[in-house]
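No value in this document is a laboratory result; all are computed from the given coordinates. The model shown is predicted, which means the values in this text are computed figures rather than measured ones. As a convention, Cβ positions derive from the backbone with ideal geometry for all residues, glycine included, and neighbour counts pool all protein chains shown.
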Amino acid sequence: MLKRSREANKESQVRNTSKYKNIRKYFTLSQKIILLITLVVFIALLPSALFTTQRVAQVIYDRVAINAVSINNILCHSDEIIDGLTAQHEFDDKMMESYVNEVDNSDEAGVAIYDKDFNLRVFYNPGKLVDFKRHSLELVEKYSTQAKISWKENYNIPNRAFGYVKDDYNRVVGYVVTGYSDDVMKNSAIDSIVFLLMMTAFGLSVGIIGAIFLARRVKKILFGLEPEAIAAMLQERNIILDSVREGVITIDDNGVITLVNIEAESLLADANIYNSDQLVGKHIKDVLENVRFDSILTEGKIITNAGVKIGNTLFIITSVPLMLNDKIIGAVFTFRKKSVVEELANQLTGFKNYSTALRAQTHEFMNKMHVIMGLIEMKAYDELKHFTKEVAYNRQSEVSYIVTRLKDITLAGFILGKISRSRELDIEFSLSDESELHNELEVPSVHDLVLIVGNIIENAFDALQNHDGERIVNLSILDFDKEIVITVEDSGPGMSEESKRNVFMRGYSSKGEGHGFGLYLVKQSIDNLDGTIDIESVEGEGTTFTVRLPVKRDGEIND
């Protein structure tokens, strides 16, 4: 039984999820997750990339400026440069140039060394800086008039550095200018920015891959459904639960109530269970004390149509475990009042119609017996003889009239019972002269006819019980070759348009709770027999029900 329950749960999940898979709007959930995470990663990386790019450019400028100043300081304080500028020999110029090459040791920086008279002694420009000679002379002419240059001012000279060469007596004997080309800074910045963009793209790619993985994981957990589909499924579930005419309670694997539909709240309120609208979150044992829910949650046991008393009312309850991936995650309880179930069973089997007809006949017979006994007690034998002859004649006439037209003895006896009941209610009830029904019917069966005719007649009797005008009900049963036509006409108060629309709804009745099942079962039976039922009614002028049922006779072969 547990295996069947698991299989049923799996089949139900497949049916329910496949129904909603095509419900979507503009983007799927996976696309939304991927777009959102990509956008978040992009927004997070973009400011960082812009800030870092700007910072890298500044760092490169600082590095070039510091290198220029550092080389300049080394040359200004070196003994080789000081001696070379003091001696002022061509041999010393070659020595200074060789020393500059050793200090710079690159093809990027340019160096220009001037003596105190602004004569260019060394010009080292392996990087071929444009106009370096002119720019260096301009710096010498500008700062030669000053006694010194501050580090900050020297640092702020674009791509250049200026320094004084002084002898041991702190006298200026020359000037040194170092510099870098703009291409060095640009190339370094481009290399750094390209590397940074590559790392940003890598981070963005990792974020997209993570988003795809997360999106697929979420979709798997949600059975491939979109948010719109989940919302539609939830709305449909709530509508179904609230429209079901049975109480429904679900619990989790700990026995805590997770859902209670409106009908369950109403039924429990009728059973004097207080706060029936506040059951969610409570333990099931506080509500259904006589149900062993432990066996349901641990063993997957299914309880079917068990009689359980809740409060002061007896209910018929069914419980089924809820399965997910072969694991019990809870249970669902459905229940109805036992009295309502029994009423439906009686209506459905026609037992109520039979019992009502039999009771009416018994009551009529007892009344006549009382008359006979009274006449015997009074020794009014002539009146007794006349009364018994009259009763026998009338009864024989009725039986003969009914049996002649309705060949089925069960249906004839049932109609005789309805005649007796009509006398109890002071209603004039008759079977039309043209009525005729053969007894070789296979479909509809006599039980179908008793259910349909009996409930329609009882509905007519109910309509006439408090009616002040004529109280007449006419029944006609016509057996044609291919169909049976049943007509029940009453002289009652008639029906409104709303009543005609709702009269076949289960539970719809003007007589209060516990009614409204008869015509509902009539409609169900007629639909099962592929028949039709029509209502003609005007308020104040009575009502006519016309039923048409297709016929299958004994021995006929289905088409």
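Output the pairs from K219/K327; K128/K166; K523/K552; K301/K337 with a Cα-Cα distance over 25 Å in this structure; if there are none, say none. In this structure, K128/K166 exceed 25 Å between Cα atoms.
Once the gyration tensor of the Cα atoms in the range 26-225 is diagonalised, the equivalent ellipsoid follows with semi-axes of 57, 14, 12 Å, ordered largest first. Positive end of the dipole of the range 26-225 (Cβ unit charges, origin at the Cα centre): among S192, T52, G163, the Cα lying farthest that way belongs to T52.
Counting other beta carbons within 10 Å of each residue's own, what order do I74, I427 fall into, fewest first? Let's see the in-between values first.
On the way: I74 17, I427 23.
The fewest-first ordering by Cβ neighbours comes to I74, I427.
Taking the range 185-282 on its own, what percent of its Cα-Cα pair distances exceed 15 Å? Kindly include the intermediate steps, with their values, before the conclusion.
Values: 3641 of 4753 pairs.
I get 77 percent for the Cα pairs in the range 185-282 exceeding 15 Å.
Remark: the N275-A201 segment gains 20.7 nm on full extension, using 0.36 nm per residue and subtracting the alpha carbon distance.
When N is the residue count of the range 82-185, what does its C-alpha Rg come to as a fraction of 2.2 N^0.38 Å? Before the final figure, lay out each step's value.
Details: Rg = 13.2 Å, N = 104, 2.2 N^0.38 = 12.8 Å.
It is 1.03.
Among the listed pairs K94/K148; K116/K142; K418/K500; K148/K186, a Cα-Cα separation exceeding 21 Å is found for K94/K148; K418/K500; K148/K186. For the pair K152 and I190 in one chain, pulling the backbone fully straight at 0.36 nm per residue adds 11.0 nm over the alpha carbon distance.
Seen from every direction in turn and averaged, the convex hull around the alpha carbons of the range 407-540 projects onto 8.3 nm².
Working from label points 7 Å from Cα in the Cα-to-Cβ sense, the M505 to K220 distance is 4.7 nm. Across q = 0.18 Å⁻¹, the range 244-337 modelled as identical point scatterers on its alpha-carbon atoms has Debye log10 I(q)/I(0) values of -0.73, in the order of the q list.
Relative contact order for the range 244-337 using alpha-carbon pairs under 8 Å, separation at least 6, rounded to a whole percent? Intermediate values should be presented prior to the final figure.
Details: 190 pairs, mean separation 28.9, N = 94.
Reported as a whole number, the value is 31 percent.
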